[in-house]
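The structure appears below as structure tokens.
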Amino acid sequence: MAEKPEKKKKVPRQPMPEQEPMVRAKNFDEVPFGYDEKTAQIEASRCLQCKKPSCVEGCPVSVDIPGFIALIKEGDFTGACRNLWGKNALPAVCGRVCPQEMQCEGKCIVGKKGDPVAIGNLERFAADWERHHGTGQLPPREESTGKKVAVVGSGPSGLTVAGDLIKKGHDVTVFEAFHLPGGVLIYGIPEFRLPKEIVGQEVNFLVRQGVKLETNQVVGRTVTVDELFEQGYDAIYLGVGAGLPRFLNIPGENLIGIYSANEYLTRSNLMKAYLFPKYDTPIIKGRNVVTLGAGNVAMDSARTALRLGAESSKIVYRRSRQEVPARAAEVHHAEEEGVEFHFLTNPIRFFGDDKGRLTGMECLQMELGEPDDSGRRRPLPVKGSEFKMECDLAIIAVGAGANPLLTQSTEGLQLNNWGYIVTDPQTGKTSKKGVWAGGDIVTGSATVILAMGAGRQAADSIDDYLKWGW
Amino acid sequence: MFKIVKREEMSQGTVILNEIEAPLIAAKAKPGQFVILKANETGERIPLTMADTDPEKGTITIIYMVVGKSTALFKTLEVGDGYQDIIGPLGKPTHVEKVGTVVCVGGGTGIAVLHPITRAMKEAGNHVIAIIGARSKDLLILEDQMRAASHDLRVCTDDGSYGHHGFVTDVLKEVCEKEKPAQAVLIGPVPMMKFSSLITKEYDIPTLVSLNPIMVDGTGMCGGCRVTIGGKTQFACVDGPEFDGHQVDYDELMARLQAYCEHEKRCYEEFCTLEQA
């Protein structure tokens with residue numbers, strides 16, 4: 001008797017298990033726990049294995065997404081991770097911090113009629129599995145070329161360049177101004193979103209492949225770009241990040257209790273002020289905390305404030321919810337944890353007590369007008385709408401500009417009007433021979449993965465140069 | 001690790017000198033620039049302006065007063081021990097040129113910072129008058145070095161135990177009146193710089209001060225060291241540490257230096273209890 005084939009039941013997107021919001025809002029442990037093997041394989045089975053995968057087009061470093069997902073489905077987790085490494089030196093990081101909804105998952109065909117395949121969660125799973133259970137076997141390295149490359153900055157773009165060029169047989173040294181490598185992955189992104197142990201392991205993986213690391217080296221001060229050439233480097237990649245905090249330039253901004261997000265997060269993450277007094281660096285904790293801005297950095301700040309014991313943590317943003325630039329997952333996590341959102345609100349001055357400590361700010365209500373240069377509707381003040389908001393800690397997270405420390409000390413480097421380095425968009429070449437640049441010092445504040453994409457392009461171009469000339 | 005090759009206690013053990021192996025920094029550093037030091041894994045990043053450098057030996061010298069946990073921890077480091085991290089040289093060097101008569105005024109450990117600048121001013125061909133002060137004779141540092149670095153050294157003590165009885169401001173006023181200096185350099189506690197700047201302003205003498213606000217990275221990345229200069233916010237780590245003494249908002253600087261006084265007290269007391277145990 002012929003059996004009628006049962007209609008295939010649609011497998012739903014596997015939810016990511018995570019800490020309960022009210023529990024995690026009081027600790028610095030990572031929020032999601034990650035998939036287990038079974039869940040990862042179920043999720044992997046949702047991938048349609050498209051012949052022309054749009055997800056790959058959505059990825060700035062063109063990860064072979066159907067390829068690594070197929071390997072997870074088959075249970076070859078090491079294989080999946082090795083596949084990822086082919087295109088991405090930092091999969092454990094990207095699986096956690098990429099804005100997948102705007103990239104790979106945003107293009108996923110399954111997502112057209114439901115939830116897209118959880119590509120980010122699967123990437124994270126494969127990388128974590130390899131870290132915990134893998135053989136630790138290093139990727140193959142081409143024969144030594146004898147060429148020396150200096151990478152300035154150990155953030156995501158610098159690490160990508162280092163990872164790519166070491167495999168191609170070049171001698172790579174990474175210079176970092178801080179005492180620890182990782183750039184924004186170490187000083188910026190908090191422990192609960194990206195455990196520092198993972199960053200350490202990703203860096204260590206590069207060191208094991210032969211990348212040399214020089215911390216405490218401020219290129220532009222300790223050593224200049226031209227001196228690096230004199231020391232025998234054949235090519236130099238500048239991936240120093242944006243690195244200049246923007247302030248609001250309103251009265252009272254130098255009161256005690258007002259931090260740039262860079263300072264607040266650096267104290268907490270890099271200097272581990274959240275463990276004060278076990279660690280010596282102090283941080284102002286605040287009971288009523290406001291964070292100005294609504295990008296990923298603002299979400300990180302507002303959520304850090306809760307974990308440091310704030311009774312209230314508010315995001316104050318001059319535009320509306322539609323314009324929020326943060327990753328959807330970050331906004332969702334912040335709201336779940338109890339961060340309050342105050343949209344269409346713009347501070348115009350800060351108030352302090354007689355000791356110079358912040359006590360509050362005056363704000364204006366805004367409304368949206370015609371679109372501005374960024375294409376977003378311009379926020380305009382509502383007349384007579386001034387009101388006061390109490391706060392004892394304010395974190396300014398309205399973006400960063402170009403830090404001039406390196407660029408001003410390097411002759412022959414063409415900069416644009418905002419101080420960012422001008423490069424060839426295809427190759428990352430600067431106006432100075434033998435020098436490439438990429439990441440936020442070229443584009444202004446962007447994402448980890450875009451910086452890595454720029455690093456990938458530059459690494460290819462550097463490899464060409466070292467083999468064939470400028 | 002950055003090894004300490006020489007260590008001296010001054011000012012009755014409240015001020016410590018460390019000469020430290022840091023060849024890359026020593027080769028580059030100029031008077032007026034600073035370094036950031038971190039003693040160990042859990043340590044804080046502390047900015048200190050260099051008191052001297054020896055490019056041939058590859059060493060830098062710092063002189064600091066023990067005021068809190070971090071400097072108390074530094075004090076426990078002996079010759080042969082080292083700092084885990086030192087970053088530098090940071091900040092802009094002092095602009096040194098021949099202008100005629102220069103008066104260099106130093107108070108407390110500010111004298112350590114003033115010393116290489118005084119020497120550079122003399123080497124540039126200026127007539128250098130130096131005024132240094134301390135609370136009492138026992139607390140005065142670098143007297144001989146300052147005498148060698150200048151043409152004319154005046155010493156003041158608050159209690160009158162040595163030199164002029166009174167503040168450096170008294171002697172500064174006299175020097176401004178009689179010697180008409182073309183340039184003043186003032187380095188010391190904030191109140192000293194504030195009141196000395198008022199005097200040089202009275203006589204319309206261009207004045208440099210070196211500020212030491214709280215910092216984290218020292219490369220312009222965090223803005224923690226922001227100071228108001230002529231009504232505009234600047235970052236001491238990259239725009240300074242030296243500024244026009246007549247433009248500095250000293251009251252704001254003084255308040256900001258107190259940002260962590262409660263934290264510091266707690267941390268320091270805990271450390272001292274542990275040390276005694």
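The values are calculated or read from the model by the stated rules, or taken from the named source; none is laboratory data. Because the structure is predicted, anything quoted here is derived from the model rather than measured. With ideal geometry, Cβ positions are generated from the backbone for all residues, glycine too; neighbour counts draw on all protein chains shown. Please note that ligands, DNA and RNA were not included when accessible areas were found on the heavy atoms of the full protein model with its side chains. Shrake-Rupley method; radii C 1.70, N 1.55, O 1.52, S 1.80 Å.
Tabulated data for the structure shown
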| item | result |
| --- | --- |
| Residues (buried (at least 22 other Cβ atoms within 10 Å of the Cβ) and charged (D, E, K, R)) located in the stretch A:203-232 | A:Arg221 |
| The one condition in (1) within 23 Å of A:Val172 (Cα to Cα); (2) modelled with pLDDT under 95; (3) among the small types (Gly, Ala, Ser) that A:Gly434 fails to fulfil | (2) |
| Residue identified as open to solvent by less than 20 Å² (accessible area, probe 1.4 Å), within 14 Å of another protein chain (Cβ to nearest Cβ), under 30 Å from A:Leu165 (Cα atoms) and in contact (Cβ under 8 Å) with a residue 40 or more places away in the chain among A:Gly434, A:Gly439, A:Gly401, A:Gly444 | A:Gly401 |
| Residues located in the stretch B:164-180, provided they are in contact (Cβ under 8 Å) with a residue 12 or more places away in the chain and either of a type in the set (Val, Ile, Thr) or not in a helix (DSSP H, G or I) (or both) | B:Phe167, B:Val168, B:Thr169, B:Val171, B:Val175, B:Lys180 |
| Qualifying residue in the stretch A:147-158 (condition: aliphatic (A, V, I, L, M) and open to solvent by 40 Å² or more (accessible area, probe 1.4 Å)) | no |
| So A:Lys429, is it over 28 Å from B:Gly88 (Cβ atoms), within 14 Å of another protein chain (Cβ to nearest Cβ), in contact with a helix residue (DSSP H, G or I) (Cβ under 8 Å, 6 or more places away or on another chain) and not hydroxyl-bearing (Ser, Thr, Tyr) | no |
| Among residues of the stretch B:112-146, those that are more than 15 Å from the chain's Cα centre (by Cα), more than 20 Å from B:Pro181 (Cα to Cα) and in a strand (DSSP E or B), counted | 0 |
| Residue, modelled with the highest pLDDT, within the stretch A:79-104, restricted to residues that are charged (D, E, K, R) and surrounded by fewer than 24 Cβ atoms within 10 Å (Cβ to Cβ) | A:Arg82 |
| Counted residues, the stretch A:268-305 - those being of a type in the set (A, V, I, L, M, F, W, C), open to solvent by less than 10 Å² (accessible area, probe 1.4 Å) and out of contact with any Leu (no Cβ under 8 Å at 6 or more places or on another chain) | 5 |
| Complete set of residues in the stretch B:42-77 that are charged (D, E, K, R), under 20 Å from B:Tyr268 (Cα atoms) and either open to solvent by 40 Å² or more (accessible area, probe 1.4 Å) or touching a strand residue (DSSP E or B) at 6+ places or on another chain (Cβ under 9 Å) (or both) | B:Glu44, B:Arg45, B:Lys75 |
| Wholly within the stretch B:181-277, strands (runs of 3 or more DSSP E) carrying at least 2 residues that are over 20 Å from B:Ala112 (Cβ atoms), open to solvent by 40 Å² or more (accessible area, probe 1.4 Å) and within 10 Å of chain A (Cβ to nearest Cβ) | B:232-235 |
| Near pairs, Cβ below 8 angstrom, 6+ apart or cross-chain, from the stretch B:120-137 (more than 20 Å from B:Phe167 (Cβ to Cβ)) to any residue that is aliphatic (A, V, I, L, M) and surrounded by fewer than 18 Cβ atoms within 10 Å (Cβ to Cβ) | B:Asn126/B:Val99 |
| Residue tally, condition open to solvent by 40 Å² or more (accessible area, probe 1.4 Å) and under 31 Å from the mean Cα position of the chain (by Cα), over the stretch A:347-364 | 2 |
| Options B:Leu24, B:Leu37; residue that is of a type in the set (A, V, I, L, M, F, W, C) and free of Cβ contacts under 8 Å to residues at least 24 places away in the same chain | B:Leu24 |
| Enumeration of residues in the stretch A:427-470 that are part of a loop (DSSP other than H, G, I, E, B) and touching a Ser or Thr at 6+ places or on another chain (Cβ under 8 Å) | A:Thr427, A:Gly428, A:Thr430, A:Lys432, A:Gly438, A:Gly439 |
| Residues of the stretch A:283-330 satisfying the condition of being of a type in the set (Val, Ile, Thr) and modelled with pLDDT of 95 or more | A:Ile283, A:Ile284, A:Val289, A:Val290, A:Thr291, A:Val297, A:Thr304, A:Ile315, A:Val316 |
| Any pair with Cβ under 8 angstrom, 6 or more apart, that starts in the stretch B:76-92 at a residue that is more than 13 Å from chain A (Cβ to nearest Cβ) and ends at one that is crowded, with 18+ Cβ neighbours inside 10 Å and not in a strand (DSSP E or B) | B:Leu77/B:Ala39 |
| Residue that is least open to solvent (accessible area, probe 1.4 Å) [pool: residues in the stretch A:19-31 that are without any contact (Cβ under 8 Å) to a residue 60 or more places away in the chain and not aliphatic (A, V, I, L, M)] | A:Gln19 |
| Within the stretch A:172-264, strands (runs of 3 or more DSSP E) holding 2 or more residues that are of a type outside the set (A, V, I, L, M) and within 11 Å of chain B (Cβ to nearest Cβ) | A:243-245, A:258-260 |
| Complete set of residues in the stretch B:6-51 that are outside any loop (DSSP other than H, G, I, E, B), away from every other protein chain (no Cβ under 14 Å) and either modelled with pLDDT of 95 or more or on the phi < 0 side of the Ramachandran plot (or both) | B:Lys6, B:Arg7, B:Glu8, B:Glu9, B:Met10, B:Val15, B:Ile16, B:Leu17, B:Asn18, B:Glu19, B:Leu48, B:Thr49 |
